[in-house]
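The structure appears below as structure tokens.
The values are calculated or read from the model by the stated rules, or taken from the named source; none is laboratory data. This structure is a prediction, so every number in the text was calculated from the model and none was measured. For the accessible areas, the whole protein counts, side chains as well, though only heavy atoms, and no ligand, DNA or RNA atoms are used. Shrake-Rupley method; radii C 1.70, N 1.55, O 1.52, S 1.80 Å.
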Amino acid sequence: MLEHVPHWLGSLLHNVRAGHAKLVIVQDGIVPSGGAQLTLSSPAFADGARLPERFTADGAGVSPPLTWTGVPAGAVALALLVEDPDAPAPNPLVHAVVWNLPPDSSGLEEGAIAADGRGAFDGSDVGRNSYQQEGWLPPDPPTGHGSHDYVFQLFALSEAAALDVSPGRSAVLEALRGRVLAAGMLSGTYSRGEPAEIGPVGAAQPA
């Protein structure tokens, strides 16, 4: 959709961004000062590196594979939120919400963040992105707007919270307060209409 924004307009909006200070993971009352750190990574891209096109609106548009370690023993569930703080909007654009993942899980396969209707068989639920749809919203930055960060935020929770089916950002934000034992973060970048280097990533897929 945003690939049709003229380059001149994207460039004009270059400094209009929600801001990293509005990411859920840095909001007051979300991650306690003594909280542990989760290690979140992807076999498809390195932290801070460009996302392969496959996972964007310019490619297949599937969600990337993720892996994690360090979930504390007291965790009863995990939650994943993916946001774009560089979106030209008042708040970061939500690209994915996955709620109530099992605490003994260690990752998500490629394409796993997809519409599930009323929750997956394991009890987890794929929530609504900023387009009010379930599943993965592929990165689709305006042409000429510069590089966007896509921030994957993983939370280990001390207790479950009752949420409606397909929760959105606001509901998840409130449900996280006072329940986070540990958190981790992974960032990928993507841009249109400007040169971009693809960094080495071990087993990364080509862009």
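Observations on the model:
- Rounded, prolate or oblate (a/c below 1.5 giving rounded, otherwise prolate when a/b exceeds b/c) for segment 45-165 by Cα gyration tensor: prolate
- Placed amide H near Gly178: partners under 5 Å, 5+ positions off or other chain: none
- With every protein chain in place, segment 18-85: carbon and sulfur % of accessible area (1.4 Å): 50
- Under 5 Å, built H, 5+ apart or other chain: amide partners of Gly111: Ser63
- Distant alpha-carbon pairs in segment 16-99 (separation over 23 angstrom), percent: 31
- In order through segment 99-109: 3J(HN,Hα) via Karplus (6.51 cos²θ - 1.76 cosθ + 1.60), integer Hz, x for Gly, Pro: 10, 6, 5, x, x, 8, 6, 10, x, 10, 6
- Value of Rg to Rh for segment 67-112 (Rh from inverse mean 1/r over Cα pairs, i.e. Kirkwood): 1.07
- Probe 1.4 Å, all protein chains present, accessible-area order of Arg177, Arg192, Arg50, largest first: Arg177, Arg50, Arg192
- Ordered from largest to smallest accessible area (heavy atoms of protein chains, 1.4 Å probe), the residues Glu159, Glu134 come out as Glu159, Glu134.
- Evaluated at q = 0.14, 0.17 Å⁻¹, the base-10 log of the normalised Debye intensity for segment 131-181, with identical point scatterers placed on the Cα atoms, takes the values -0.53, -0.72.
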